[in-house]
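Heads up: the structure comes next, in C-alpha coordinates.
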Amino acid sequence: MEIIFDPDTRELNGSSKISYSNNSPDTLSEIVIHTFPNIFKSGSARDRDIYDSDVSKGLILEELKIGNELVINNVKNQNGKQIYSEATFTVIPLKIPMLPNSKTELVVVWNYTLNKETHLRTGQTSDTGFMIAYFFPRIAVYDDIDGWNKYAYTGNTEFYNDFGDFEVEISVPENYLVWATGQLTNPSEVLKDKFYERFKAAQKSEQKIAIVDFSDIGKDITLSKTDNTWKYSAKKVPDFAFATAKNYIWGARSVDVNRESDRLLTIHTAYDPKSKDFKKVNEFTKESIEYMTSVFPKVDFPFENHTVFNGLGMMEYPMMANDRSFEDLHRSRWLTHHETFHSYFPFLTGLNETKYAWLDEGLAMYGTNEFLRSINSPLKDEIGFQNFDGRIGYDSDFPIFAVSKYLKNPTYYNNSYPKATAFFLVIREYLGQEEFTSFIQKFVSVWKGKHPTALDFLFLLNESTPEDLTWLIKPWIFEFGYVDLSIGNVTSTEEGYKINIENKGNYPVPVYLDVTYKDGTTANILRPVRVWQNGEKNFLISLGTNKEIQKLVLRDISLIDANPGNNIFTFKTRSP
(Lines give C-alpha, C1' and ligand atoms only; values in the text may rest on other atoms or scores of the structure.)
Protein backbone atom coordinates (compact mmCIF):
# COMPACT_ATOMS: atom_id res chain seq x y z
CA MET A 1 0.00 0.00 0.00
CA GLU A 2 1.27 3.46 -0.90
CA ILE A 3 -0.08 6.50 0.91
CA ILE A 4 0.46 10.19 0.26
CA PHE A 5 -0.89 12.48 2.97
CA ASP A 6 -0.97 16.27 2.81
CA PRO A 7 -1.34 17.76 6.32
CA ASP A 8 -2.29 21.18 4.94
CA THR A 9 -5.34 19.94 3.02
CA ARG A 10 -5.83 16.68 4.97
CA GLU A 11 -6.13 14.92 1.60
CA LEU A 12 -5.08 11.28 1.57
CA ASN A 13 -4.30 9.52 -1.71
CA GLY A 14 -3.75 5.82 -1.63
CA SER A 15 -3.16 2.80 -3.81
CA SER A 16 -3.12 -0.84 -2.79
CA LYS A 17 -2.12 -4.11 -4.37
CA ILE A 18 -3.90 -6.88 -2.53
CA SER A 19 -3.39 -10.62 -2.78
CA TYR A 20 -6.56 -12.30 -1.48
CA SER A 21 -6.79 -16.03 -0.73
CA ASN A 22 -10.08 -17.89 -0.55
CA ASN A 23 -9.27 -20.33 2.24
CA SER A 24 -12.91 -21.35 2.62
CA PRO A 25 -14.50 -24.50 1.12
CA ASP A 26 -16.97 -22.26 -0.75
CA THR A 27 -16.93 -20.84 -4.25
CA LEU A 28 -17.23 -17.05 -4.00
CA SER A 29 -19.47 -15.40 -6.57
CA GLU A 30 -19.00 -11.93 -5.10
CA ILE A 31 -16.58 -9.94 -3.02
CA VAL A 32 -17.34 -7.36 -0.32
CA ILE A 33 -15.20 -4.30 0.25
CA HIS A 34 -15.47 -1.98 3.27
CA THR A 35 -14.93 1.75 2.83
CA PHE A 36 -15.10 3.07 6.39
CA PRO A 37 -14.35 6.77 5.66
CA ASN A 38 -17.78 6.90 4.04
CA ILE A 39 -19.25 7.32 7.51
CA PHE A 40 -18.54 11.00 6.81
CA LYS A 41 -20.24 10.86 3.43
CA SER A 42 -23.36 12.97 3.03
CA GLY A 43 -26.44 10.84 3.63
CA SER A 44 -24.66 8.06 5.54
CA ALA A 45 -26.35 6.55 8.60
CA ARG A 46 -24.43 7.32 11.79
CA ASP A 47 -24.75 6.44 15.47
CA ARG A 48 -22.86 9.60 16.41
CA ASP A 49 -23.20 13.22 15.45
CA ILE A 50 -20.53 14.82 13.29
CA TYR A 51 -19.75 18.44 12.57
CA ASP A 52 -21.22 19.83 9.37
CA SER A 53 -17.72 20.80 8.26
CA ASP A 54 -16.74 17.12 8.16
CA VAL A 55 -19.61 15.99 5.93
CA SER A 56 -17.87 15.06 2.68
CA LYS A 57 -18.01 13.07 -0.53
CA GLY A 58 -16.48 10.23 1.44
CA LEU A 59 -13.94 7.83 0.00
CA ILE A 60 -13.62 8.11 -3.77
CA LEU A 61 -12.72 4.88 -5.54
CA GLU A 62 -10.72 6.02 -8.54
CA GLU A 63 -9.90 2.51 -9.68
CA LEU A 64 -10.84 -1.00 -8.58
CA LYS A 65 -9.47 -3.99 -10.42
CA ILE A 66 -10.24 -7.57 -9.39
CA GLY A 67 -8.14 -10.09 -11.27
CA ASN A 68 -8.43 -8.98 -14.89
CA GLU A 69 -11.77 -7.31 -14.29
CA LEU A 70 -11.91 -3.54 -14.05
CA VAL A 71 -14.71 -2.26 -11.82
CA ILE A 72 -15.61 1.29 -12.76
CA ASN A 73 -17.81 4.15 -11.57
CA ASN A 74 -18.73 2.37 -8.32
CA VAL A 75 -22.06 1.52 -10.00
CA LYS A 76 -21.55 -1.31 -12.50
CA ASN A 77 -18.73 -3.68 -13.22
CA GLN A 78 -17.34 -4.52 -16.61
CA ASN A 79 -19.89 -7.20 -17.43
CA GLY A 80 -22.77 -4.86 -16.64
CA LYS A 81 -23.95 -6.40 -13.38
CA GLN A 82 -25.27 -4.00 -10.77
CA ILE A 83 -23.08 -3.44 -7.73
CA TYR A 84 -24.88 -3.26 -4.40
CA SER A 85 -23.45 -0.48 -2.29
CA GLU A 86 -24.23 0.91 1.14
CA ALA A 87 -22.32 3.79 2.63
CA THR A 88 -19.44 1.81 4.09
CA PHE A 89 -19.44 -1.43 2.12
CA THR A 90 -19.90 -2.51 -1.47
CA VAL A 91 -20.88 -5.94 -2.84
CA ILE A 92 -19.24 -6.66 -6.18
CA PRO A 93 -20.32 -9.66 -8.30
CA LEU A 94 -17.35 -11.51 -9.73
CA LYS A 95 -17.17 -12.22 -13.44
CA ILE A 96 -15.13 -15.32 -12.67
CA PRO A 97 -16.08 -16.88 -9.30
CA MET A 98 -13.26 -17.66 -6.87
CA LEU A 99 -12.84 -21.37 -6.29
CA PRO A 100 -11.82 -22.77 -2.89
CA ASN A 101 -8.08 -22.50 -2.17
CA SER A 102 -7.60 -20.02 -5.00
CA LYS A 103 -6.14 -16.52 -5.04
CA THR A 104 -6.92 -13.30 -6.82
CA GLU A 105 -5.18 -9.98 -7.08
CA LEU A 106 -6.85 -6.63 -6.50
CA VAL A 107 -5.71 -3.11 -7.29
CA VAL A 108 -7.43 -0.22 -5.52
CA VAL A 109 -6.79 3.50 -5.99
CA TRP A 110 -8.68 5.93 -3.79
CA ASN A 111 -8.68 9.30 -2.05
CA TYR A 112 -10.55 11.11 0.68
CA THR A 113 -10.20 14.10 2.97
CA LEU A 114 -9.52 13.32 6.61
CA ASN A 115 -12.04 14.67 9.10
CA LYS A 116 -10.91 17.69 11.13
CA GLU A 117 -13.50 18.78 13.70
CA THR A 118 -15.14 15.41 14.44
CA HIS A 119 -12.78 12.95 16.06
CA LEU A 120 -14.34 9.54 15.53
CA ARG A 121 -11.42 7.18 16.29
CA THR A 122 -9.50 8.96 13.54
CA GLY A 123 -8.90 12.52 12.41
CA GLN A 124 -6.87 15.64 13.08
CA THR A 125 -5.67 15.75 16.68
CA SER A 126 -3.79 19.07 16.91
CA ASP A 127 -2.39 21.79 14.66
CA THR A 128 0.20 19.37 13.29
CA GLY A 129 -1.04 16.00 14.57
CA PHE A 130 -3.18 13.41 12.75
CA MET A 131 -4.40 9.94 13.70
CA ILE A 132 -5.28 8.08 10.52
CA ALA A 133 -7.21 4.83 10.82
CA TYR A 134 -10.16 3.10 9.15
CA PHE A 135 -8.68 4.79 6.11
CA PHE A 136 -8.28 2.22 3.31
CA PRO A 137 -10.66 0.02 1.29
CA ARG A 138 -10.42 -3.49 2.69
CA ILE A 139 -11.87 -6.86 1.85
CA ALA A 140 -14.46 -7.95 4.37
CA VAL A 141 -14.21 -11.14 6.38
CA TYR A 142 -15.78 -14.24 4.85
CA ASP A 143 -16.40 -16.77 7.63
CA ASP A 144 -18.22 -20.04 8.24
CA ILE A 145 -20.92 -18.39 10.37
CA ASP A 146 -22.28 -15.49 8.30
CA GLY A 147 -20.46 -15.76 4.99
CA TRP A 148 -19.49 -12.25 3.94
CA ASN A 149 -19.45 -9.78 6.81
CA LYS A 150 -21.87 -7.28 5.32
CA TYR A 151 -22.27 -4.62 7.96
CA ALA A 152 -22.49 -0.89 7.66
CA TYR A 153 -20.05 0.90 9.93
CA THR A 154 -22.10 3.54 11.75
CA GLY A 155 -19.73 4.59 14.53
CA ASN A 156 -20.39 2.28 17.50
CA THR A 157 -19.03 -1.17 16.73
CA GLU A 158 -15.37 -1.54 15.96
CA PHE A 159 -13.27 -4.36 14.52
CA TYR A 160 -13.77 -7.46 12.49
CA ASN A 161 -11.00 -7.84 9.96
CA ASP A 162 -9.04 -10.66 8.41
CA PHE A 163 -5.41 -11.20 9.31
CA GLY A 164 -2.95 -10.06 6.69
CA ASP A 165 0.60 -9.00 5.93
CA PHE A 166 1.11 -5.30 5.28
CA GLU A 167 3.90 -3.53 3.41
CA VAL A 168 3.07 0.17 3.55
CA GLU A 169 4.84 3.29 2.31
CA ILE A 170 3.65 6.59 3.78
CA SER A 171 4.78 9.86 2.23
CA VAL A 172 4.51 13.05 4.27
CA PRO A 173 6.18 16.48 4.09
CA GLU A 174 9.50 17.51 5.62
CA ASN A 175 9.83 17.07 9.40
CA TYR A 176 6.58 15.19 9.76
CA LEU A 177 7.21 12.01 11.74
CA VAL A 178 5.24 8.79 11.23
CA TRP A 179 4.33 6.03 13.69
CA ALA A 180 2.41 3.02 12.48
CA THR A 181 1.39 -0.59 12.87
CA GLY A 182 4.46 -2.74 12.33
CA GLN A 183 8.19 -2.20 12.12
CA LEU A 184 9.78 0.89 10.60
CA THR A 185 12.09 -0.68 8.01
CA ASN A 186 13.90 2.40 6.68
CA PRO A 187 14.70 4.68 9.65
CA SER A 188 18.08 5.65 8.18
CA GLU A 189 16.34 6.88 5.01
CA VAL A 190 14.00 9.29 6.81
CA LEU A 191 15.79 10.40 9.99
CA LYS A 192 18.88 12.56 10.24
CA ASP A 193 21.87 10.76 11.76
CA LYS A 194 21.45 12.09 15.31
CA PHE A 195 17.86 10.95 15.51
CA TYR A 196 18.54 7.68 13.73
CA GLU A 197 21.22 6.84 16.30
CA ARG A 198 18.78 7.58 19.11
CA PHE A 199 16.17 5.41 17.37
CA LYS A 200 18.60 2.48 17.21
CA ALA A 201 19.67 2.95 20.83
CA ALA A 202 16.05 2.83 22.02
CA GLN A 203 15.64 -0.65 20.53
CA LYS A 204 17.98 -1.99 23.24
CA SER A 205 17.52 0.41 26.13
CA GLU A 206 15.47 -0.37 29.25
CA GLN A 207 15.49 3.35 30.01
CA LYS A 208 13.40 5.71 27.90
CA ILE A 209 15.42 7.51 25.25
CA ALA A 210 14.25 10.81 23.82
CA ILE A 211 14.47 10.32 20.07
CA VAL A 212 13.02 13.80 19.62
CA ASP A 213 13.18 15.96 22.76
CA PHE A 214 11.87 19.40 23.71
CA SER A 215 15.12 21.00 22.58
CA ASP A 216 14.65 19.49 19.09
CA ILE A 217 11.27 21.09 18.45
CA GLY A 218 11.43 23.35 15.40
CA LYS A 219 14.67 21.81 14.13
CA ASP A 220 15.20 19.62 11.08
CA ILE A 221 14.52 16.00 12.02
CA THR A 222 14.04 14.31 8.66
CA LEU A 223 16.50 13.92 5.80
CA SER A 224 14.52 15.23 2.86
CA LYS A 225 13.59 18.86 2.46
CA THR A 226 10.46 17.91 0.54
CA ASP A 227 8.65 14.61 1.18
CA ASN A 228 9.87 11.62 3.16
CA THR A 229 8.56 8.11 2.62
CA TRP A 230 8.29 6.00 5.77
CA LYS A 231 8.13 2.26 5.19
CA TYR A 232 6.38 -0.04 7.64
CA SER A 233 6.02 -3.81 7.61
CA ALA A 234 3.57 -5.84 9.70
CA LYS A 235 2.81 -9.55 9.61
CA LYS A 236 -0.41 -11.36 10.56
CA VAL A 237 -2.30 -8.36 11.88
CA PRO A 238 -6.02 -7.59 11.42
CA ASP A 239 -5.61 -3.90 10.62
CA PHE A 240 -3.16 -1.10 9.88
CA ALA A 241 -3.20 2.43 11.28
CA PHE A 242 -0.72 5.29 11.39
CA ALA A 243 -0.22 8.69 12.96
CA THR A 244 1.81 11.62 11.76
CA ALA A 245 2.84 14.85 13.43
CA LYS A 246 5.38 17.65 13.32
CA ASN A 247 6.93 19.18 16.43
CA TYR A 248 5.97 16.25 18.65
CA ILE A 249 8.05 14.67 21.39
CA TRP A 250 9.10 11.10 20.63
CA GLY A 251 10.36 8.75 23.31
CA ALA A 252 11.04 5.02 23.22
CA ARG A 253 12.38 2.15 25.30
CA SER A 254 12.52 -1.64 25.10
CA VAL A 255 10.98 -4.22 27.41
CA ASP A 256 11.40 -7.99 27.67
CA VAL A 257 7.91 -9.34 26.92
CA ASN A 258 8.61 -13.03 26.45
CA ARG A 259 9.02 -15.18 29.53
CA GLU A 260 10.80 -17.94 27.58
CA SER A 261 13.07 -15.96 25.25
CA ASP A 262 14.84 -12.63 24.97
CA ARG A 263 12.39 -11.06 22.52
CA LEU A 264 12.13 -7.33 23.14
CA LEU A 265 9.19 -4.99 22.62
CA THR A 266 9.89 -1.36 21.77
CA ILE A 267 7.43 1.06 23.37
CA HIS A 268 7.04 4.38 21.58
CA THR A 269 5.20 7.44 22.82
CA ALA A 270 4.56 10.46 20.63
CA TYR A 271 2.96 13.55 22.07
CA ASP A 272 2.28 17.25 21.85
CA PRO A 273 4.84 19.21 23.93
CA LYS A 274 1.92 20.90 25.71
CA SER A 275 0.71 17.56 27.05
CA LYS A 276 1.62 17.09 30.71
CA ASP A 277 0.47 13.54 31.38
CA PHE A 278 2.20 12.00 28.34
CA LYS A 279 5.57 12.51 29.97
CA LYS A 280 4.57 9.50 32.08
CA VAL A 281 2.76 7.42 29.46
CA ASN A 282 5.83 5.53 28.26
CA GLU A 283 6.44 4.40 31.84
CA PHE A 284 2.74 3.57 32.27
CA THR A 285 2.85 1.45 29.12
CA LYS A 286 5.89 -0.42 30.40
CA GLU A 287 4.31 -1.28 33.74
CA SER A 288 1.08 -2.28 32.01
CA ILE A 289 2.76 -4.68 29.61
CA GLU A 290 4.85 -6.17 32.42
CA TYR A 291 1.63 -6.77 34.38
CA MET A 292 -0.04 -8.36 31.37
CA THR A 293 2.82 -10.73 30.66
CA SER A 294 3.46 -11.73 34.28
CA VAL A 295 0.06 -11.47 36.06
CA PHE A 296 -2.96 -11.31 33.76
CA PRO A 297 -3.53 -12.69 31.19
CA LYS A 298 0.03 -13.91 31.68
CA VAL A 299 0.51 -14.31 27.94
CA ASP A 300 3.53 -13.09 25.99
CA PHE A 301 2.85 -9.73 24.38
CA PRO A 302 2.13 -10.52 20.72
CA PHE A 303 3.92 -7.62 19.00
CA GLU A 304 7.43 -6.22 18.72
CA ASN A 305 6.31 -2.57 18.67
CA HIS A 306 3.63 -0.58 20.42
CA THR A 307 3.05 3.16 20.02
CA VAL A 308 0.83 5.31 22.20
CA PHE A 309 0.01 8.46 20.24
CA ASN A 310 -1.27 11.62 21.91
CA GLY A 311 -4.51 12.09 20.02
CA LEU A 312 -8.08 12.88 20.94
CA GLY A 313 -9.44 9.37 21.22
CA MET A 314 -9.63 6.36 23.44
CA MET A 315 -9.02 3.76 20.78
CA GLU A 316 -6.80 0.82 19.95
CA TYR A 317 -5.29 -0.50 16.74
CA PRO A 318 -2.71 -3.25 16.22
CA MET A 319 0.51 -1.90 17.77
CA MET A 320 -1.09 1.55 18.13
CA ALA A 321 -3.22 3.46 20.61
CA ASN A 322 -4.90 6.82 20.04
CA ASP A 323 -5.08 8.21 23.58
CA ARG A 324 -6.25 11.59 24.74
CA SER A 325 -4.56 13.53 27.53
CA PHE A 326 -5.96 13.85 31.04
CA GLU A 327 -5.19 16.25 33.84
CA ASP A 328 -5.54 13.29 36.21
CA LEU A 329 -2.60 10.88 35.89
CA HIS A 330 -4.74 8.08 37.31
CA ARG A 331 -6.97 8.35 34.24
CA SER A 332 -3.97 8.38 31.93
CA ARG A 333 -2.73 5.21 33.58
CA TRP A 334 -6.14 3.57 33.24
CA LEU A 335 -6.50 4.46 29.56
CA THR A 336 -2.97 3.33 28.73
CA HIS A 337 -3.58 -0.09 30.23
CA HIS A 338 -7.01 -0.55 28.68
CA GLU A 339 -6.02 0.26 25.10
CA THR A 340 -2.81 -1.75 25.34
CA PHE A 341 -4.73 -4.77 26.66
CA HIS A 342 -6.62 -4.92 23.36
CA SER A 343 -3.43 -6.32 21.82
CA TYR A 344 -4.74 -9.68 23.03
CA PHE A 345 -8.44 -9.13 22.35
CA PRO A 346 -9.34 -8.65 19.54
CA PHE A 347 -6.00 -8.46 17.72
CA LEU A 348 -4.39 -11.75 18.73
CA THR A 349 -7.59 -13.80 18.58
CA GLY A 350 -9.43 -11.97 15.81
CA LEU A 351 -12.71 -11.49 17.69
CA ASN A 352 -15.75 -10.20 15.84
CA GLU A 353 -16.50 -6.97 17.68
CA THR A 354 -19.34 -6.14 15.33
CA LYS A 355 -21.28 -9.01 16.95
CA TYR A 356 -19.55 -9.70 20.27
CA ALA A 357 -18.15 -6.40 21.50
CA TRP A 358 -18.84 -7.59 25.06
CA LEU A 359 -16.24 -10.33 24.79
CA ASP A 360 -13.43 -8.00 23.78
CA GLU A 361 -14.33 -4.89 25.76
CA GLY A 362 -15.43 -6.89 28.80
CA LEU A 363 -12.14 -8.77 28.98
CA ALA A 364 -10.16 -5.56 28.47
CA MET A 365 -12.18 -3.77 31.16
CA TYR A 366 -11.85 -6.72 33.52
CA GLY A 367 -8.09 -6.91 32.97
CA THR A 368 -7.70 -3.16 33.43
CA ASN A 369 -9.73 -3.14 36.63
CA GLU A 370 -7.60 -5.96 38.05
CA PHE A 371 -4.51 -3.89 37.26
CA LEU A 372 -6.03 -0.84 38.96
CA ARG A 373 -6.76 -2.98 42.00
CA SER A 374 -3.18 -4.23 42.07
CA ILE A 375 -1.83 -0.66 42.31
CA ASN A 376 -4.70 0.46 44.57
CA SER A 377 -5.77 3.13 42.10
CA PRO A 378 -8.62 5.41 43.26
CA LEU A 379 -10.33 4.50 39.97
CA LYS A 380 -10.57 0.77 40.74
CA ASP A 381 -14.11 -0.62 40.68
CA GLU A 382 -15.31 2.73 39.30
CA ILE A 383 -14.29 3.37 35.69
CA GLY A 384 -17.09 2.31 33.37
CA PHE A 385 -19.40 1.01 36.07
CA GLN A 386 -20.91 4.32 37.09
CA ASN A 387 -22.50 4.76 33.66
CA PHE A 388 -24.65 1.68 34.23
CA ASP A 389 -26.05 2.87 37.54
CA GLY A 390 -29.70 3.84 37.27
CA ARG A 391 -30.25 1.78 34.12
CA ILE A 392 -29.83 -1.70 35.58
CA GLY A 393 -32.94 -3.79 34.99
CA TYR A 394 -34.75 -1.13 32.96
CA ASP A 395 -35.84 -1.27 29.32
CA SER A 396 -32.39 -0.43 27.93
CA ASP A 397 -30.80 -3.34 29.87
CA PHE A 398 -30.51 -6.15 27.32
CA PRO A 399 -28.99 -9.64 27.63
CA ILE A 400 -25.23 -9.61 27.09
CA PHE A 401 -25.50 -11.85 24.02
CA ALA A 402 -27.54 -9.29 22.05
CA VAL A 403 -25.70 -8.69 18.76
CA SER A 404 -23.59 -5.56 19.19
CA LYS A 405 -24.12 -4.04 15.74
CA TYR A 406 -27.86 -3.81 16.35
CA LEU A 407 -27.52 -1.99 19.67
CA LYS A 408 -27.42 1.74 20.32
CA ASN A 409 -26.09 3.57 23.34
CA PRO A 410 -26.52 3.32 26.26
CA THR A 411 -27.32 -0.38 25.70
CA TYR A 412 -24.27 -0.97 23.50
CA TYR A 413 -21.93 0.53 26.07
CA ASN A 414 -23.50 -1.13 29.11
CA ASN A 415 -23.51 -4.59 27.53
CA SER A 416 -19.97 -4.30 26.21
CA TYR A 417 -18.29 -2.83 29.28
CA PRO A 418 -19.76 -2.99 32.82
CA LYS A 419 -22.19 -5.87 32.35
CA ALA A 420 -19.67 -8.11 30.59
CA THR A 421 -17.00 -7.24 33.15
CA ALA A 422 -19.37 -8.21 35.96
CA PHE A 423 -19.84 -11.62 34.31
CA PHE A 424 -16.07 -12.15 34.20
CA LEU A 425 -15.76 -11.12 37.85
CA VAL A 426 -18.33 -13.76 38.83
CA ILE A 427 -16.66 -16.44 36.69
CA ARG A 428 -13.30 -15.53 38.25
CA GLU A 429 -14.80 -15.94 41.72
CA TYR A 430 -16.22 -19.32 40.74
CA LEU A 431 -12.97 -20.62 39.19
CA GLY A 432 -10.45 -18.80 41.35
CA GLN A 433 -7.87 -16.38 39.98
CA GLU A 434 -5.33 -19.01 38.93
CA GLU A 435 -7.84 -21.20 37.13
CA PHE A 436 -9.50 -18.21 35.44
CA THR A 437 -6.11 -17.01 34.16
CA SER A 438 -5.35 -20.53 32.92
CA PHE A 439 -8.66 -20.62 31.08
CA ILE A 440 -7.96 -17.29 29.34
CA GLN A 441 -4.53 -18.62 28.34
CA LYS A 442 -6.21 -21.73 26.94
CA PHE A 443 -8.68 -19.62 24.97
CA VAL A 444 -5.80 -17.64 23.43
CA SER A 445 -3.88 -20.81 22.62
CA VAL A 446 -6.83 -22.60 21.01
CA TRP A 447 -8.30 -19.66 19.09
CA LYS A 448 -5.32 -17.44 18.24
CA GLY A 449 -5.89 -16.01 14.76
CA LYS A 450 -9.03 -18.07 14.11
CA HIS A 451 -11.96 -15.64 14.56
CA PRO A 452 -13.68 -17.32 17.52
CA THR A 453 -17.33 -16.59 18.22
CA ALA A 454 -18.73 -15.83 21.66
CA LEU A 455 -20.20 -19.33 21.71
CA ASP A 456 -16.73 -20.78 21.13
CA PHE A 457 -15.59 -18.90 24.23
CA LEU A 458 -18.55 -20.10 26.30
CA PHE A 459 -18.29 -23.71 25.13
CA LEU A 460 -14.59 -23.78 25.98
CA LEU A 461 -15.35 -22.25 29.37
CA ASN A 462 -17.91 -24.95 30.09
CA GLU A 463 -15.59 -27.71 28.90
CA SER A 464 -12.82 -26.39 31.14
CA THR A 465 -14.83 -26.73 34.36
CA PRO A 466 -15.60 -29.92 36.31
CA GLU A 467 -19.35 -29.25 36.33
CA ASP A 468 -21.87 -28.03 33.78
CA LEU A 469 -22.06 -24.24 34.11
CA THR A 470 -25.30 -23.80 32.18
CA TRP A 471 -27.04 -22.64 35.37
CA LEU A 472 -24.55 -19.76 35.64
CA ILE A 473 -23.91 -18.90 31.99
CA LYS A 474 -27.52 -19.01 30.78
CA PRO A 475 -28.98 -16.23 32.95
CA TRP A 476 -25.91 -14.00 32.77
CA ILE A 477 -25.46 -14.20 29.00
CA PHE A 478 -28.80 -15.02 27.42
CA GLU A 479 -31.56 -13.75 29.72
CA PHE A 480 -33.00 -10.40 30.70
CA GLY A 481 -32.27 -9.74 34.33
CA TYR A 482 -29.98 -8.13 36.85
CA VAL A 483 -28.07 -8.59 40.11
CA ASP A 484 -29.91 -7.81 43.31
CA LEU A 485 -28.96 -9.58 46.51
CA SER A 486 -30.72 -8.38 49.64
CA ILE A 487 -30.50 -8.97 53.38
CA GLY A 488 -33.90 -10.31 54.39
CA ASN A 489 -35.03 -11.43 57.84
CA VAL A 490 -32.38 -11.56 60.57
CA THR A 491 -33.35 -13.46 63.71
CA SER A 492 -31.58 -14.19 66.98
CA THR A 493 -31.09 -17.76 68.13
CA GLU A 494 -29.51 -19.40 71.16
CA GLU A 495 -26.45 -20.11 69.01
CA GLY A 496 -26.28 -16.67 67.36
CA TYR A 497 -28.18 -15.47 64.32
CA LYS A 498 -29.98 -16.72 61.26
CA ILE A 499 -29.57 -14.37 58.32
CA ASN A 500 -31.72 -14.79 55.21
CA ILE A 501 -30.08 -13.67 51.95
CA GLU A 502 -32.61 -13.03 49.19
CA ASN A 503 -31.86 -13.17 45.48
CA LYS A 504 -34.31 -10.59 44.17
CA GLY A 505 -32.67 -10.56 40.75
CA ASN A 506 -31.90 -13.58 38.58
CA TYR A 507 -28.15 -13.27 37.95
CA PRO A 508 -26.28 -15.55 40.37
CA VAL A 509 -23.45 -13.95 42.36
CA PRO A 510 -21.42 -15.08 45.37
CA VAL A 511 -22.49 -14.01 48.84
CA TYR A 512 -19.96 -11.76 50.56
CA LEU A 513 -21.32 -10.72 53.96
CA ASP A 514 -19.35 -8.39 56.22
CA VAL A 515 -20.31 -8.52 59.90
CA THR A 516 -19.52 -5.72 62.35
CA TYR A 517 -20.06 -6.49 66.05
CA LYS A 518 -20.88 -3.93 68.70
CA ASP A 519 -17.51 -4.52 70.34
CA GLY A 520 -15.81 -3.27 67.16
CA THR A 521 -14.64 -6.66 65.89
CA THR A 522 -15.55 -7.88 62.42
CA ALA A 523 -16.08 -11.10 60.50
CA ASN A 524 -16.43 -12.00 56.83
CA ILE A 525 -18.74 -14.69 55.53
CA LEU A 526 -18.26 -16.02 51.99
CA ARG A 527 -20.58 -18.43 50.24
CA PRO A 528 -19.83 -19.40 46.63
CA VAL A 529 -22.08 -18.58 43.70
CA ARG A 530 -23.21 -22.20 43.47
CA VAL A 531 -25.60 -21.64 46.39
CA TRP A 532 -28.01 -20.38 43.67
CA GLN A 533 -27.30 -23.33 41.38
CA ASN A 534 -30.84 -24.76 41.48
CA GLY A 535 -32.64 -21.46 41.09
CA GLU A 536 -33.03 -20.76 44.80
CA LYS A 537 -34.37 -17.38 45.79
CA ASN A 538 -33.32 -17.55 49.46
CA PHE A 539 -30.18 -18.70 51.22
CA LEU A 540 -30.03 -19.01 55.00
CA ILE A 541 -26.78 -18.28 56.84
CA SER A 542 -26.46 -19.63 60.36
CA LEU A 543 -23.96 -17.52 62.28
CA GLY A 544 -22.77 -18.95 65.55
CA THR A 545 -21.65 -16.24 67.96
CA ASN A 546 -22.31 -14.87 71.43
CA LYS A 547 -21.57 -11.31 70.28
CA GLU A 548 -24.12 -8.68 69.38
CA ILE A 549 -24.17 -7.61 65.75
CA GLN A 550 -24.17 -3.91 64.98
CA LYS A 551 -24.31 -4.01 61.17
CA LEU A 552 -24.42 -6.42 58.23
CA VAL A 553 -23.25 -5.41 54.75
CA LEU A 554 -23.54 -7.45 51.56
CA ARG A 555 -20.53 -6.66 49.41
CA ASP A 556 -21.35 -6.51 45.70
CA ILE A 557 -18.50 -8.33 43.95
CA SER A 558 -20.24 -7.93 40.58
CA LEU A 559 -20.17 -4.11 40.97
CA ILE A 560 -23.59 -3.83 39.30
CA ASP A 561 -26.09 -4.60 42.08
CA ALA A 562 -29.36 -2.93 41.07
CA ASN A 563 -30.33 -1.85 44.59
CA PRO A 564 -27.38 -1.31 46.96
CA GLY A 565 -29.81 0.10 49.54
CA ASN A 566 -31.02 -3.38 50.54
CA ASN A 567 -27.47 -4.63 51.10
CA ILE A 568 -27.19 -3.06 54.58
CA PHE A 569 -28.87 -4.15 57.81
CA THR A 570 -28.28 -2.12 60.97
CA PHE A 571 -29.21 -3.31 64.50
CA LYS A 572 -30.50 -1.03 67.22
CA THR A 573 -30.86 -3.53 70.04
CA ARG A 574 -30.69 -7.27 70.21
CA SER A 575 -34.03 -9.00 70.46
CA PRO A 576 -34.59 -11.00 73.69
Close pairs from the range 471-486: first among the polar types (S, T, N, Q), partner open to solvent by 50 Å² or more (accessible area, probe 1.4 Å), Cβ under 6 Å, at least 6 apart: Ser486/Lys504
Answer residue from the range 316-334, given it is buried (at least 24 other Cβ atoms within 10 Å of the Cβ) and hydrophobic (A, V, I, L, M, F, W, C) and is farthest from Asn161 (Cα to Cα) among those: Trp334
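Within the range 44-53, does at least one residue satisfy the condition of being in a strand (DSSP E or B) and closer than 25 Å to Thr354 by Cβ?
no
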Which listed residue, of Asp216, Asp193, Asp165, Asp220, is open to solvent by 10 Å² or more (accessible area, probe 1.4 Å) and free of Cβ contacts under 8 Å to residues at least 24 places away in the same chain: Asp193
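Okay, residues lined up against (1) aromatic (Phe, Trp, Tyr); (2) modelled with pLDDT of 95 or more; (3) in a loop (DSSP other than H, G, I, E, B):
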position	(1), (2), (3)
Ile525	no, yes, no
Val531	no, yes, no
Gly535	no, no, yes
Ile541	no, yes, no
Asn546	no, no, yes
Val553	no, yes, no
Ser558	no, yes, yes
Asn566	no, yes, no
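Would you check if Asn506 is closer than 30 Å to Lys355 by Cβ, surrounded by fewer than 16 Cβ atoms within 10 Å (Cβ to Cβ) and of a type outside the set (Asp, Glu)?
no
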Residue ID - farthest from Tyr417 (Cα to Cα), chosen from residues in the range 476-499 that are part of a loop (DSSP other than H, G, I, E, B) and open to solvent by less than 20 Å² (accessible area, probe 1.4 Å): Asp484
Test: residue in the range 496-508 that is closer than 30 Å to Gly362 by Cα, of a type outside the set (Lys, Arg) and in contact with a Lys or Arg (Cβ under 6 Å, 6 or more places away or on another chain): yes
Matching residues in the range 534-554 - criterion: being surrounded by 15 or more Cβ atoms within 10 Å (Cβ to Cβ) and closer than 30 Å to Gly362 by Cβ: Phe539, Val553, Leu554
Of the criteria (1) under 16 Å from the mean Cα position of the chain (by Cα); (2) open to solvent by 50 Å² or more (accessible area, probe 1.4 Å); (3) of a type in the set (Phe, Trp, Tyr), which one Tyr406 fails: (1)
Filtered residue count, the range 333-359, keeping only those that are free of Cβ contacts under 8 Å to residues at least 40 places away in the same chain and among the acidic types (Asp, Glu): 1
The listed residue being of a type in the set (S, T, N, Q) and in contact with a Gly (Cβ under 6 Å, 6 or more places away or on another chain), out of Thr453, Thr421: Thr421
Asp239 vs. criteria closer than 24 Å to Asp6 by Cα, part of a loop (DSSP other than H, G, I, E, B) and acidic (Asp, Glu): yes
The lone exception for Asn376 - which of (1) surrounded by fewer than 20 Cβ atoms within 10 Å (Cβ to Cβ); (2) closer than 25 Å to Leu458 by Cα; (3) not charged (D, E, K, R) it fails: (2)
Count of residues meeting criterion [out of contact with any strand residue (DSSP E or B) (no Cβ under 8 Å at 6 or more places or on another chain), open to solvent by less than 10 Å² (accessible area, probe 1.4 Å) and more than 18 Å from Ser325 (Cα to Cα)] in the range 271-292: 1
Which numbered condition Asn506 fails, given (1) within 30 Å of Asn415 (Cα to Cα); (2) at pLDDT 95 or above: (2)
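The values are calculated or read from the model by the stated rules, or taken from the named source; none is laboratory data. What you see is a predicted model, and the numbers here were worked out from it, not measured in a lab. FYI the Cβ positions are ideal-geometry reconstructions off the backbone, even for glycines, and counts take in every protein chain you see. Protein only, heavy atoms only, side chains kept; ligands, DNA and RNA dropped before computing areas. Shrake-Rupley method; radii C 1.70, N 1.55, O 1.52, S 1.80 Å.
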